[in-house]
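Below: the structure, in structure tokens.
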Amino acid sequence: MSHLSADELGPALGRGLLSFPVTHFDAELVFDEAAYRKHIAWLSRYEVAGLFAAGGTGEGFSLTPPEIGQVVRAAVAETGGRIPVVAPATAGTAAAIEQARSAEAAGAEGILLMPPYLTEAGPDGLVEHVAAICAATSLGVIFYSRANATCNDVTLARMADRCPNLVGFKDGVGNIETMTRIYARLGDRLTYIGGLPTAETFALPYSEMGVTTYSSAIFNFVPEFALDFYRAVRARDRDEVYRRLRDFVIPYLDIRDRAPGYAVSIVKAGLTAIGHPAGPVRPPLTDLTAPELAELTALVATIA
């Protein structure tokens, strides 16, 4: 695959399921590059539209800037251009600019712009933040709306007008009216990505609002199930979607909701359940308990 321009990135990502791999750690919580690359090689055998390195599922919030660079370079090297790799830009504007430039130098195809760390910002500040990162790179940028960095349709339109390489909007809020307003105002100017935890839960209703893809965390450990679920969503096969929700996704959510941060922890537990352990999560996250892991392992076995 040749390098995608910013204009090409958004449509390319919107054409299929998106992979958000975990980041592998050893027992001392040090990045295990060999294990990570093995996992990326396995996931890359499946038909996905993009791979987001060091994202939320990848515990990007717990990685140092040099570690993020290491993870992104490993993902780029292992995919070998077969799948576009999107790298994170986090924290404040200056740090996010450095990360975006580093990602471009590492060969990433795009940037997932995470919320700035800790501080709140109004719409004017968010527009300037996004404009500064977009101006610092030629890569396509996806704005991740969640936590302390959310925006409405008017603010997002201002961002899109200022930034030709703003190519995507990832929703981590779940406000139906806001998403409807955004798609009504911007239409196909952006690619829309579902970004709520366990995005499969929202995939069918979100598809009615122009959201053609989503970040699948469960793809890490049940890739065939995740892809079949996505195909059912795209085909508007309601019966199949709800069957899969009842049989696996909702029982999975019941485990996920038992502790804060389990939306990430349960994904690593899922890899343990299939015999491909990715190591523990870093604090402040906590791993599933032994009984919860056993429960998840039994659930995964029902769809194996």
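The values are calculated or read from the model by the stated rules, or taken from the named source; none is laboratory data. Remember, it's a predicted structure, so these values are computed and weren't measured experimentally. Because the Cβ atoms are built from the backbone with ideal geometry, glycine has one as well, and the counts that use them run over all protein chains shown. The protein model used for the area step is the full one, side chains on, heavy atoms only, and it has no ligands, DNA or RNA in it. Shrake-Rupley method; radii C 1.70, N 1.55, O 1.52, S 1.80 Å.
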Equivalent ellipsoid semi-axes, segment 242-295, via Cα gyration tensor eigenvalues times 5, rooted, Å: 19, 13, 9
Cβ-defined net charge surrounding Gly122, 15 Å radius [Lys, Arg +1; Asp, Glu -1]: -2
Semi-axes of the equivalent ellipsoid for segment 1-95, Cα gyration tensor, largest first, Å: 22, 17, 11
Top of Gly140, Gly55, Gly187 by mean-square fluctuation, Gaussian network on the chain, Cα under 10 Å: Gly187
Alpha carbon centroid spacing (whole Å) that separates segment 84-105 from segment 160-200: 20
Accessible surface, 1.4 Å probe, highest first, among residues Thr137, Thr289: Thr289, Thr137
Net charge contributed by nearby residues that have their C-beta within less than 14 Å of Ala147 (K/R +1, D/E -1): 0
Solvent-accessible area of Tyr144 with every protein chain in place, 1.4 Å probe, in Å² to the nearest 10: 10
Relative contact order [Cα under 8 Å, 6+ residues apart], segment 157-224, whole percent: 29
Residue-level accessible surface for Glu292, protein heavy atoms, 1.4 Å, Å²: 20
Highest-fluctuation residue, Leu253, Leu29, Leu126 considered, GNM on the chain with Cα pairs under 10 Å: Leu29
3J(HN,Hα) from dihedral phi, segment 247-256, Karplus parametrisation 6.51/-1.76/1.60, rounded to Hz, x for glycine, proline: 6, 10, 5, 5, x, 5, 4, 4, 6, 4
Inter-centroid distance (Cα atoms) of segment 267-286 relative to segment 37-60, Å: 15
Relative contact order computed over segment 258-304 (Cα-Cα under 8 Å; 6+ residues apart), in percent: 41
Estimated inter-spin distance, Thr64 and Asp7, nm [label 7 Å along Cα→Cβ]: 4.2
Additional length obtainable on full extension of the chain from Thr180 to Asp228, 0.36 nm per residue less Cα span: 14.6 nm
P(r) tail fraction, the chain - alpha-carbon pairs more than 27 Å apart, %: 37
Residue-span extension gain [Asp124 to Thr289] - 0.36 nm each, minus C-alpha spacing: 55.0 nm
Cβ-defined net charge surrounding Ala34, 11 Å radius [Lys, Arg +1; Asp, Glu -1]: -2
For segment 211-255, alpha-carbon Rg and Dmax in angstrom: 10.3, 29
Across the chain: Cys residues that no other cysteine approaches within a C-beta distance under 4.7 Å: Cys151
Share, in percent, of DSSP beta bridges within the chain that are antiparallel, nearest 5: 5
Length-normalised contact order for the chain - Cα pairs under 8 Å, 6+ apart - percent: 18
Sulfur and carbon atoms: percent of accessible area, the chain [1.4 Å]: 54
